[in-house]
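What follows is a set of notes on a single structure, which appears directly below.
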Amino acid sequence: MKAIVYEKYGSPDVLHLADVPKPTPTDDQILIRILAVSINGSDREALIGRPAYARMGGLRKPRHPILGSDIAGVVEAVGKNITEFKPGDDVFGELPGYRNGFAEYACTHGKTLMVKPPALTFEQAAAIPQGGVIALNGIRTKGRVQAAQKVLINGAGGSAGMFAIQLAKLHGAEVTAVDNAHKLDFMRSLGANHVIDYERVDFIANGQQYDLVLDLIAHRSTVACARALRPNGTYYIVGGSTAVLLQTLFLGPFIRQRRMRVLVVPQNRKDLVAITELCEKGDVVPVIDRQYPLRETAEAMRYVISGRAQGKVVVKTTN
Ligand SMILES: NC(=O)c1ccc[n+]([C@@H]2O[C@H](COP(=O)([O-])OP(=O)(O)OC[C@H]3O[C@@H](n4cnc5c(N)ncnc54)[C@H](OP(=O)(O)O)[C@@H]3O)[C@@H](O)[C@H]2O)c1
């Protein structure tokens, strides 16, 4: 089968199209013919090998040659212990370990997949999983955002942020969205009340305080970040600098009157079902900016890294 592989960390130039063996499902796996796969921050990080946690799968070079977490496609075969899917089912979701998606086929246990609702295209479905599940946890399940609360989302123009803005608005919050200058109008179009260009304004130092900060790309010290919170406010760090993640993990519990926490979001079907229901109803929209054929995955990644994408970038295996 065709797949996009890489043997060393680097720019999108290290990605190339290759013929690799088609995977065979075990008794506990399903084989999926992938039709669409969307790009997330985790792909970008695993490509360049930064932050440090992106090298957990291989310190000097990537242990797994195929990137890609969020897929949509058709079940081609099932192992004998699989009861919840059958050949021909349209499915989508996350692949374990955030890998193996930029390919024509993948095998997985299926516990982080669900049947695709007919109302969603394969491309829309592939755009939802990782970002949607992170946002659902950060804003609803753990963040417990309520009407009239002030919420700031840092990195709000990316995969998870796109869903987080919409969810926070759905819950009646006043939303401040932070990202680069190219994404300000996009974030406004998703409902953000206020937008901040991170290259011009430091949201930690501008005197504003929030009930919840969802930081998708943290890079400031835990103590500095706490200044952005109202008393009893919560700061969730989802991704960003490894040093800040570790600092928050160990120092966070000692900061008084503010909750500083790392938000760990396991891949799971329950949350995928919940965010997908909101997408089906139209309450949340999985916005797609551009689509690329599989052979142009490096170009798709370049576009994401350029910081100009206004929504998800989706790679398709069918053209
Ligand atoms: N905690 C967990 O369990 C868990 C699970 C899965 C993934 N993650 C992590 O979640 C993070 C977010 O994922 P994602 O898919 O939403 O990433 P993404 O699509 O890459 O979005 C990140 C956004 O942040 C922007 N950004 C970069 N530097 C910034 C800064 N200094 N201030 C404000 N915004 C900045 C980026 O814009 P530019 O183009 O300008 O860089 C981009 O728009 C990743 O680090 C990923 O590894 C965590």
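The values are calculated or read from the model by the stated rules, or taken from the named source; none is laboratory data. What you are looking at is a predicted structure, and each value in this text was computed from that prediction instead of being measured. When we count neighbours, we look across all protein chains shown, and the Cβ atoms used for this are built from the backbone with ideal geometry, even at glycine. Heavy atoms of the whole protein, side chains included, go into the accessibility calculation; ligands, DNA and RNA do not. Shrake-Rupley method; radii C 1.70, N 1.55, O 1.52, S 1.80 Å.
With respect to the conditions (1) within 13 Å of the ligand (Cβ to nearest atom); (2) more than 21 Å from K270 (Cβ to Cβ); (3) at pLDDT 95 or above; (4) open to solvent by 20 Å² or more (accessible area, probe 1.4 Å), K142 lacks only one, and its number is (2).
Please work out which residue is nearest to the ligand (Cβ to nearest atom), limiting yourself to region 229-254 and to residues that are farther than 26 Å from R50 by Cα and either open to solvent by less than 40 Å² (accessible area, probe 1.4 Å) or without any contact (Cβ under 8 Å) to a residue 24 or more places away in the chain (or both).
This residue is T234.
Residues of region 185-203 that are open to solvent by less than 70 Å² (accessible area, probe 1.4 Å) and either of a type in the set (S, T, Y) or over 15 Å from A164 (Cα atoms) (or both): I196, D197, V201, D202, F203. The set of residues in region 155-196 being farther than 25 Å from Q130 by Cβ and touching a His at 6+ places or on another chain (Cβ under 9 Å) consists of E174 alone.
Counting just the residues of region 265-295 that are assigned to a helix (DSSP H, G or I) and either without any contact (Cβ under 8 Å) to a residue 12 or more places away in the chain or polar (S, T, N, Q) (or both), which one comes out farthest from G101 (Cα to Cα)?
It comes out as K281.
One residue alone among R302, R290, R308 is touching a His at 6+ places or on another chain (Cβ under 7 Å), within 15 Å of the ligand (Cβ to nearest atom) and in the same structural domain as F92 (by TED's automatic domain parsing), and that residue is R308. Taking region 109-135 as the range and being open to solvent by less than 30 Å² (accessible area, probe 1.4 Å), within 14 Å of V75 (Cα to Cα) and not in a loop (DSSP other than H, G, I, E, B) as the test, the residues that pass are L113, M114. Entry remark, region 196-226: residues being in a loop (DSSP other than H, G, I, E, B), modelled with pLDDT of 95 or more and more than 12 Å from the ligand (Cβ to nearest atom) number 2 in total.
Every residue, every condition in (1) in contact with a Lys or Arg (Cβ under 9 Å, 6 or more places away or on another chain); (2) not assigned by TED's automatic domain parsing to the domain that holds G58, yes or no:
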position: F85; (1), (2): no, no
position: D89; (1), (2): yes, no
position: G93; (1), (2): yes, no
position: P96; (1), (2): yes, no
position: T112; (1), (2): yes, no
position: L120; (1), (2): no, no
position: R140; (1), (2): no, yes
position: A147; (1), (2): no, yes
position: K150; (1), (2): yes, yes
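Just one of (1) β-branched (V, I, T); (2) under 22 Å from the mean Cα position of the chain (by Cα); (3) open to solvent by 50 Å² or more (accessible area, probe 1.4 Å) fails for V223. It is (2).
Only one entry of A156, A168, A164, A147 meets the criterion of being among the hydrophobic types (A, V, I, L, M, F, W, C), outside any strand (DSSP E or B) and surrounded by fewer than 24 Cβ atoms within 10 Å (Cβ to Cβ), and that entry is A147.
Just checking, does region 88-108 include any residue being closer than 26 Å to M56 by Cβ, within 16 Å of the ligand (Cβ to nearest atom), aromatic (F, W, Y) and open to solvent by less than 50 Å² (accessible area, probe 1.4 Å)? There is at least one residue in region 88-108 that is closer than 26 Å to M56 by Cβ, within 16 Å of the ligand (Cβ to nearest atom), aromatic (F, W, Y) and open to solvent by less than 50 Å² (accessible area, probe 1.4 Å).
Checking each residue in region 53-102 for being outside any strand (DSSP E or B), among the aliphatic types (A, V, I, L, M) and touching a residue at least 60 places away in the same chain (Cβ under 8 Å) picks out only I66. Of all residues in region 204-220, those that are touching a strand residue (DSSP E or B) at 6+ places or on another chain (Cβ under 6 Å) and surrounded by fewer than 23 Cβ atoms within 10 Å (Cβ to Cβ) total 5.
Residues in region 263-287 that are within 16 Å of the ligand (Cβ to nearest atom), aliphatic (A, V, I, L, M) and buried (at least 18 other Cβ atoms within 10 Å of the Cβ): L263, V265, L272, I275, V284.
Scanning region 1-46 for residues that are acidic (D, E) and open to solvent by less than 20 Å² (accessible area, probe 1.4 Å) gives a single hit, D43.
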